[in-house]
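Notes to accompany the following structure.
Nothing in this text is a laboratory measurement; each read-out follows from the coordinates by a stated rule. All figures in this text were calculated on a predicted structure; none of them were measured in a lab. Ideal geometry is used to build each Cβ from the backbone, glycine not excepted, and the neighbour counts take in all protein chains shown.
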Amino acid sequence: MPIVLRLDRVMADRKMSLNTLAEKVGIANVNLSKIKTGKVSAIRFSTLEAICEALHCQPGDILEYMPPETQHDE
């Protein structure tokens, strides 16, 4: 998938745990974990907004576009 989720990096930079972020965002830990590990194919804008608000970041800090030809290099 050309869009890569970098939530784990932003959480680490902010020293915020999965449980704390899930509580602030108002979603279940399991759903936030799926977002964090990139196991989702879609994310609601309202969820993205809540994550950005809780982490004091921009959507571009969490989402990254990876052209298909560079994906296998990771």
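Miscellaneous remarks
- Relative contact order [Cα under 8 Å, 6+ residues apart], the chain, whole percent: 51 percent
- Neighbourhood net charge (15 Å Cβ-Cβ; Lys/Arg +1, Asp/Glu -1) for Leu48: +1
- Counting every C-alpha pair in the chain, the share spaced more than 13 angstrom apart comes to 65%.
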